[in-house]
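All remarks here apply to the structure that follows.
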Amino acid sequence: MLIPLSQLNEIYDEIRQTSFSRGCSLAILVSGDCDALAACKILTQMLHKDTVQYRVIPVANYTELEEKLASFTDPELRCLVFLNCGGSCDLTQLGPEKNLISYVFDSERPFWADNIKSAYVKLIDDTFVEEPEDQEEEESEIENEPGQKRRREGREDKPRKRFKNDPDPTGVYFGISTAGIIYRLAQQMNRATNDMLWMWIVGLTDQYLHRKIDRSEYEQRINECLTEVLRLNEHPYQQRGEEAEEMDQDSEQRTVNGIIEPKDFDTEKKTPGNIHIEHKDLKLMLYRHWSLYDSLYYSDYVACKLGIWREPGKRRLNEIIAQLGIPLQECRQDFCFMKPMYKKTLKDKLQQIGATYEIEDLFLTTCVRQYNRKKQFSASDVVYSVTALLESPTLLGDQEESNDREKWLNNFWVAHDALLDVNYLEQGIKIAQDQQKAIVQQGTILIEKKAVNPAADFRYAIISSDSLNQTKYFHHPLSLKKLTTFIMEAYRELRSNIRPKPMVLCVLNTSRNTFLVTGVTSAVQQRNDFGWRFHEAAQAVEADFRRDFFEDTYIEVRKEHFQAFLEQLTAGAY
């Protein structure tokens, strides 16, 4: 059944009351993405304060999730919480068979239809509003369309329903951040803390950076976060009656639209744990932890706009640096070591010259947190770092070499701890920088070799060899998605006179003897139907494939069947 956000505290009370009369009655199943990890941090902090026993179980895909659910035999277990997983699979059998109640916090839509009808499955939905029973009955009759009947008929011959259904032909889309929903729960119970707020901001930023929500929705949500930042943090913001920009002689601070802007954050008193609002932060990847030159060179937006892989693009980048009036030596050293005079004027100068070089969309409202006296990280820094740790091609920490599952589990817990740990964050930032270099280099190779091919209503490219060291990053879903997005955006800027199209990218994994395939839409607000297209093409040619990813925009196809799958996909039948 669908549960509105107004009933979150009732859901939490149910979970808490169940635990009082039992031992460890709660299991939390968490997918491997930054938003889910942030949500897990908030929820476990609340449970810990209520002395509720729980188990956190990381799951990488639906195959692992099904195995974990089948292995539950503890009679004490009564509640399951799903964070960014579970919404698109059949959880209805867990109730009658194992007497388990499932609470699903999953941002991906649409939900599995049978879960919506089950009393044993409670799906938290930010758009749901309770309606009268007679209206619900009418809607259930309307939903009984021929397509729905065909799906049910297809399952009637089987003794048991499948755990994961065929993808929805209308495509996938995303609701609000799961971390944001869990923070809403903390708000309703008057338990919100600065750590929890930071997790919400990180989860929201994760959605935006990975193209799950568009700019307008991000700005709407971040404004809600800023209200909480003002409530929970000490900072120099004060409300004023003036609406024009003016200089306050007493505080020597600017006021913009009635809000006093703080002095440069680097010069303010640095209170560990404080969250600072940046109304005009640079959309340059990891620039606080990189050199300004590298951050400009490897940021997707600037690299695509300038065509950085060509000589004219490199010259334009050097021109921008010259226009900024910053010596090249300063630009090539770490940003934190640049002279304050250059850092102080950087944003204003970039805004002045942005239109000249068609990079005027360089700014974004976000938040920065002071982790200790010396280190501060923006929300995007944390997202890039945690995601890189999750998808690190190497084993992190001091563990010995192990199989893929054990390596993923180890990296999951390192990423989980990194959310509030400076040392792990810095480790992840180094991996993220190497990953971004690989994205720009690999994307440049495909564009320069004219390896981007047209299909009926999308473009596609194939990485048919993984001999290059950088290819190891793209055997992981999110890294592959970032590369696909970079190629699509770069191609759009390169061929600005032609219609934008979605992009499909395929990469060979020799060790698994498979191709990993993903597709991204040309506009963020569009539903992504590539999961359905991939599934139909693979079934049509009877290919051996796997599509158990939590984000239903990927497929893994056996190498021997890949060519037939690709020909079917590009034929334009879907």
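The values are calculated or read from the model by the stated rules, or taken from the named source; none is laboratory data. Computed from a predicted model, the values in this text were never measured in an experiment. Neighbour counts run over all protein chains shown; Cβ positions are idealised from the backbone, glycine included. Remember, those area values only see protein heavy atoms, side chains included, never the ligands or the DNA or RNA. Shrake-Rupley method; radii C 1.70, N 1.55, O 1.52, S 1.80 Å.
Whether any residue in segment 345-363 is assigned by TED's automatic domain parsing to the domain that holds ILE275, touching a Cys at 6+ places or on another chain (Cβ under 8 Å) and either among the hydrophobic types (A, V, I, L, M, F, W, C) or not in a strand (DSSP E or B) (or both) is what I want to check.
No: zero hits.
Looking at GLU330, GLU358, which one is surrounded by 14 or more Cβ atoms within 10 Å (Cβ to Cβ) and either on the phi > 0 side of the Ramachandran plot or more than 29 Å from the chain's Cα centre (by Cα) (or both)?
Within the list GLU330, GLU358, the selection yields GLU330.
Of the residues in segment 430-453, how many are part of a loop (DSSP other than H, G, I, E, B) and either among the hydrophobic types (A, V, I, L, M, F, W, C) or open to solvent by less than 10 Å² (accessible area, probe 1.4 Å) (or both)?
The total comes to 2.
Every residue in segment 317-331 that is over 25 Å from ASP434 (Cβ atoms) and either in a helix (DSSP H, G or I) or modelled with pLDDT under 90 (or both), please.
GLU319, ALA322, GLN323, LEU324
Restricting to segment 471-520, give me the number of residues that are within 16 Å of GLY307 (Cβ to Cβ) and open to solvent by 30 Å² or more (accessible area, probe 1.4 Å).
9
Can you confirm whether TYR384 is among the aromatic types (Phe, Trp, Tyr), at pLDDT 90 or above and over 30 Å from CYS225 (Cα atoms)?
Judged against the criteria, TYR384 is not a match.
Taking segment 430-455 on its own, how many of its residues are more than 25 Å from THR394 (Cα to Cα) and among the small types (Gly, Ala, Ser)?
Here the count works out to 2.
Within segment 77-185, which strands (runs of 3 or more DSSP E) (wholly inside it) include 1 or more residues that are at pLDDT below 80 and surrounded by 11 or more Cβ atoms within 10 Å (Cβ to Cβ)?
Counting at least 1 such residues, we get no strands (runs of 3 or more DSSP E) at all.
Which condition breaks for CYS79 when tested against (1) closer than 25 Å to THR553 by Cβ; (2) in contact with a strand residue (DSSP E or B) (Cβ under 8 Å, 6 or more places away or on another chain)?
(1)
Please go through segment 538-574 and give me each residue that is open to solvent by less than 60 Å² (accessible area, probe 1.4 Å), assigned to a helix (DSSP H, G or I) and not small (Gly, Ala, Ser), ordered by number.
If the condition is that a residue be open to solvent by less than 60 Å² (accessible area, probe 1.4 Å), assigned to a helix (DSSP H, G or I) and not small (Gly, Ala, Ser), then PHE562, PHE565, LEU566, GLN568, LEU569, THR570 are the ones that fit.
What is the one condition in (1) within 27 Å of the chain's Cα centre (by Cα); (2) crowded, with 20+ Cβ neighbours inside 10 Å; (3) at pLDDT below 95 that LYS283 does not satisfy?
(2)
Checking the conditions here, which among ALA456, ALA461 is surrounded by fewer than 20 Cβ atoms within 10 Å (Cβ to Cβ), of a type in the set (A, V, I, L, M) and not in a helix (DSSP H, G or I)?
The unique qualifying residue is ALA456.
If you check GLN427 against the conditions, is it open to solvent by less than 70 Å² (accessible area, probe 1.4 Å), modelled with pLDDT of 95 or more, more than 24 Å from THR485 (Cβ to Cβ) and not small (Gly, Ala, Ser)?
In short, yes.
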